[in-house]
Amino acid sequence: MTNTTNKTDTATTATSTTSNVTASTLVSGKDVKAFNITPPMVDVRGWDVVNSTGAVVGTVDRIMLDTNDHKPRYLAVTPSDRKGHMLLPIGVGTLELAHKRIMLANLKPDMLKALPLLTSEVVTRDFERQVFSAISGKPVTEQALPQLYADPMFDATRLFVVATPVAKS
């Protein structure tokens, strides 16, 4: 396996003949010079992520972008109870602007526990399949992987447009 790292990229490009170690096309938003957060997007880095009971499950570290279409696809979340990062598809949460947090109302605690933890900077295609399977409950084949981003859970407008507004006083 060859591994190439660029000083500005925290996501590493990895190539191999084995598909499960092939890197995806994700990079951290902070590593893309042209990445700007424009309305209705909100910079959620540093925000808490809470489950349906309001318990904090982690904090958003990074917004992960797909380099093929330049769209945000995941929130990299540091869990409050484990080491590593959870990658949450960007459309699974709802913004709570008044509390500066993201609510995961539709993800059960067992789904969150089933999420694999990213312990390196390389996000592999196999890792993405595991994330999708943990949340959707459906297995994903290599052939289906490119179509995953068409699923609503990867639609950033679900997070950034469907927001609980701040009450005006």
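The values are calculated or read from the model by the stated rules, or taken from the named source; none is laboratory data. Computed from a predicted structure; not experimentally measured. For neighbour counting, all protein chains shown are included, and Cβ atoms are generated from backbone atoms with ideal geometry for every residue, glycine included.
Take the conditions more than 15 Å from Phe154 (Cα to Cα), of a type outside the set (Lys, Arg), modelled with pLDDT of 60 or more and more than 15 Å from the chain's Cα centre (by Cα) and apply them to Ala55. Does it pass? Step through it out loud before you land on a result.
Details: more than 15 Å from Phe154 (Cα to Cα): yes; of a type outside the set (Lys, Arg): yes; modelled with pLDDT of 60 or more: yes; more than 15 Å from the chain's Cα centre (by Cα): yes.
Spelling it out, Ala55 is indeed more than 15 Å from Phe154 (Cα to Cα), of a type outside the set (Lys, Arg), modelled with pLDDT of 60 or more and more than 15 Å from the chain's Cα centre (by Cα).
Can you name the condition, by its number, that Thr78 falls short on among (1) free of Cβ contacts under 8 Å to residues at least 24 places away in the same chain; (2) out of contact with any strand residue (DSSP E or B) (no Cβ under 9 Å at 6 or more places or on another chain)?
(2)
For Phe132, only one of the following conditions fails: (1) in contact with a Lys or Arg (Cβ under 7 Å, 6 or more places away or on another chain); (2) assigned to a helix (DSSP H, G or I). What is its number?
So the condition that Phe132 fails would be (1).
Within the range 58-107, restricting attention to residues that are of a type in the set (Lys, Arg) and over 18 Å from Asp151 (Cβ atoms), which residue is nearest to the chain's Cα centre (by Cα)?
Ranking the qualifying residues of the range 58-107, first place goes to Arg62.
Would you confirm, using the coordinates I've provided, whether Val32 is at pLDDT below 90 and more than 23 Å from Leu115 (Cα to Cα)? Don't jump to the end; show me each part of the working.
Values: at pLDDT below 90: yes; more than 23 Å from Leu115 (Cα to Cα): yes.
Here the answer is yes, as Val32 does meet what is asked.
Restricting attention to the range 150-169, and to residues there that are at pLDDT below 85 and either under 25 Å from Gly84 (Cα atoms) or among the hydrophobic types (A, V, I, L, M, F, W, C) (or both), which single residue is surrounded by the fewest Cβ atoms within 10 Å (Cβ to Cβ)?
Looking at residues that are at pLDDT below 85 and either under 25 Å from Gly84 (Cα atoms) or among the hydrophobic types (A, V, I, L, M, F, W, C) (or both), I get Ala167.
Can you pull out every residue in the range 112-128 that is over 13 Å from Pro79 (Cβ atoms) and in contact with a helix residue (DSSP H, G or I) (Cβ under 6 Å, 6 or more places away or on another chain)?
Keep residues of the range 112-128 that are over 13 Å from Pro79 (Cβ atoms), which gives 120-128.
Those that are over 13 Å from Pro79 (Cβ atoms) and in contact with a helix residue (DSSP H, G or I) (Cβ under 6 Å, 6 or more places away or on another chain): Thr124, Arg125, Asp126.
Can you say whether Pro39 is closer than 19 Å to Asp155 by Cβ and either in contact with a Lys or Arg (Cβ under 9 Å, 6 or more places away or on another chain) or in a loop (DSSP other than H, G, I, E, B) (or both), as far as the supplied structure shows? If you could, list the steps in order and put the result at the bottom.
Details: closer than 19 Å to Asp155 by Cβ: yes; either in contact with a Lys or Arg (Cβ under 9 Å, 6 or more places away or on another chain) or in a loop (DSSP other than H, G, I, E, B) (or both): yes.
So Pro39 fits the description; yes.
This table checks each residue for (1) farther than 22 Å from Ile63 by Cβ; (2) at pLDDT 90 or above; (3) surrounded by fewer than 16 Cβ atoms within 10 Å (Cβ to Cβ).
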{"position": "His99", "(1), (2), (3)": "no, yes, yes"}
{"position": "Ser120", "(1), (2), (3)": "no, no, yes"}
{"position": "Thr124", "(1), (2), (3)": "no, no, no"}
{"position": "Arg129", "(1), (2), (3)": "no, no, no"}
{"position": "Thr141", "(1), (2), (3)": "yes, no, yes"}
{"position": "Leu145", "(1), (2), (3)": "no, no, no"}
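Restricting attention to the range 68-82, which residues are in contact with a Leu (Cβ under 7 Å, 6 or more places away or on another chain) and either in a loop (DSSP other than H, G, I, E, B) or of a type in the set (Val, Ile, Thr) (or both)?
Val77, Arg82
Any residue in the range 124-143 that is without any contact (Cβ under 8 Å) to a residue 60 or more places away in the chain sitting within a Cβ distance under 6 Å of a residue that is of a type in the set (A, V, I, L, M) and surrounded by 14 or more Cβ atoms within 10 Å (Cβ to Cβ)? List the pairs, counting only those 6 or more apart or interchain.
From the range 124-143, the pairs are Arg129/Val140; Val131/Leu87; Phe132/Val140; Phe132/Leu148; Ser133/Val140; Ala134/Ala114; Ala134/Leu115; Ile135/Met111.
So which residues in the range 43-61 are surrounded by 14 or more Cβ atoms within 10 Å (Cβ to Cβ) and in contact (Cβ under 8 Å) with a residue 40 or more places away in the chain? I'd like the intermediate steps shown before the answer.
Quick first cut of the range 43-61, residues surrounded by 14 or more Cβ atoms within 10 Å (Cβ to Cβ) only: 44-45, 47-51, 57-61.
Passing the criteria: Val44, Trp47, Asp48, Val49, Val50, Asn51, Val57, Val60.
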